[in-house]
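Please read the structure below before turning to the comments.
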Amino acid sequence: MEISPNLVIRPSALQDANPAALKSWQVGQILSATVAGVSAHGTVTLRINNQLLNAQTSLPLQTGQSLKLEVTRAGEQPLLKIAQPPTPQDVQAQALRSALPRQLPLAPLLANLGTLAARAQNTTDPAGRELAQLARQVIDGLAGKGDVSQGAGLKQAILNSGVFLEAKLAAALAGGTRLPAGDLKAGLLRLLAGLQTQTASAGIQSERAATDTSTVTRDAGRGATPPPPLRHALPQAQASVSTPVAGATLATATDMLRQTEGALARLQLSQVASLPSEQQPQRLWTLEIPVLHEQRTDLFQLRIEEEIAGAGGDDAAPWSVMLAFDLPSLGPVHARILVNGPQVSATLWAEHPGTAALFNDQLEELRTGLQRAGVLVGRITCTEGAPTPPPPGPGNAPLVDTRA
């Protein structure tokens, strides 16, 4: 077998290989290989599926090096080449393809968790008590209304949104410290493990479990199901759900397992959307913050973006924050906050006419309060309706078509 400078491998010399196994290779198949040895004359020994093959090469391979080999010709003399590593765009596209079909909105799961957490002390059934305790762990980690009304609390809620879990894990590992409590993704992963254990003990797989739809919340509240959080999409106002689970039953656990898997897939989409691309290299984070208020959990979706300087007007601001929420007393509300040095400008959209009128009546008080806090206030307006989505273009085109 010869490895040429153009990264092609020809199996011609077998050391400990089964010819029949080589004939079973298919064109396009990717094989995992390990360099088992390298001689001084450019001969290398590769281990593929526990078979040893000799090869001649001018490439600087090293013993122990792992390779991915693609079959480009099958038969008695198969032709292999070293597969090129995937690009970051390939990895992002694969993550999107994997998460999009599985993602589900957070609101139904949060409603179910809130109800189960409230029953943690009163449930006598062991399985139900375990499920309630898992729910309590997630709910206890959520921010409250009073927390996000302060700058430090809002910052902590953003850090605990789940989008930054892996970065926090890396920092904790490097510093030899423990991961701080309260991260949403970490809590959902613990919940997922507990639900998998509980349903597996009953011999039920989440994807095939028949569930009683009367026991769990399944819709996302008012309006249509929110679209997935993609890099090019605006934040969507999402209402809380007020019809919670009826009880901590096995059917509840199996459907909540599906909801938890969907919530984690949605979080993964937010993380992918926060990665830079060639068209949009500027920093951007899209995330969802659940906020506890009385007996419900409200969802606030944010898009924090570094603007492109030099565009002129308000669009020249270095940072913008897009925000969307849907509260029972206000209905769907959207906001765009532009920060340019010490100056802050804001545009509000309220889909309910009464809410738009209420906001317009309070704009001067908002301006005065910001000025009292030392903020240089620019333009602040409120419009009835919703913001217009950005037009299709190279800077905001999705990697995949979500309508397919």
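Filter the range 172-204 for residues that are among the polar types (S, T, N, Q) and assigned to a helix (DSSP H, G or I) and give the result. Those that are among the polar types (S, T, N, Q) and assigned to a helix (DSSP H, G or I): Gln196, Thr197, Gln198, Thr199, Ser201. Within the set Gln84, Gln77, the sole residue that is without any contact (Cβ under 8 Å) to a residue 60 or more places away in the chain and part of a loop (DSSP other than H, G, I, E, B) turns out to be Gln84.
Answer yes or no: is there a residue in the range 149-161 that is of a type in the set (A, V, I, L, M, F, W, C) and more than 25 Å from the chain's Cα centre (by Cα). No, because not a single residue in the range 149-161 is of a type in the set (A, V, I, L, M, F, W, C) and more than 25 Å from the chain's Cα centre (by Cα). Considering each residue of the range 350-365 in turn, none proves to be in a loop (DSSP other than H, G, I, E, B) and modelled with pLDDT under 95. Flag set for Glu294, criterion: surrounded by fewer than 19 Cβ atoms within 10 Å (Cβ to Cβ) and on the phi > 0 side of the Ramachandran plot. Condition (residue is over 16 Å from the mean Cα position of the chain (by Cα) and open to solvent by 30 Å² or more (accessible area, probe 1.4 Å)) applied to the range 90-107: is it met by at least one residue? The answer is yes, given that some residue of the range 90-107 is over 16 Å from the mean Cα position of the chain (by Cα) and open to solvent by 30 Å² or more (accessible area, probe 1.4 Å).
Among the residues making up the range 74-89, a single one is open to solvent by less than 40 Å² (accessible area, probe 1.4 Å) and touching a Ser or Thr at 6+ places or on another chain (Cβ under 6 Å): Leu79.
Restricting to the range 115-153, name every residue that is in a helix (DSSP H, G or I), open to solvent by 70 Å² or more (accessible area, probe 1.4 Å) and farther than 22 Å from Ala253 by Cβ. Once the filter is applied, which keeps residues that are in a helix (DSSP H, G or I), open to solvent by 70 Å² or more (accessible area, probe 1.4 Å) and farther than 22 Å from Ala253 by Cβ, the range 115-153 yields Lys145, Asp147, Ala152. Scanning the range 162-171 for residues that are in a helix (DSSP H, G or I) and either under 17 Å from the mean Cα position of the chain (by Cα) or at pLDDT below 90 (or both), we see that the one that is surrounded by the most Cβ atoms within 10 Å (Cβ to Cβ) is Leu165.
Filter the range 132-181 down to residues that are of a type in the set (Gly, Ala, Ser) and in contact (Cβ under 8 Å) with a residue 60 or more places away in the chain, then give me how many there are. Result for the range 132-181: 6.
The values are calculated or read from the model by the stated rules, or taken from the named source; none is laboratory data. All figures in this text were calculated on a predicted structure; none of them were measured in a lab. Cβ coordinates were reconstructed from backbone atoms using ideal geometry, including for glycine residues, and neighbour counts include every protein chain displayed. SASA here: full protein model, heavy atoms, side chains in, ligands and nucleic acids out. Shrake-Rupley method; radii C 1.70, N 1.55, O 1.52, S 1.80 Å.
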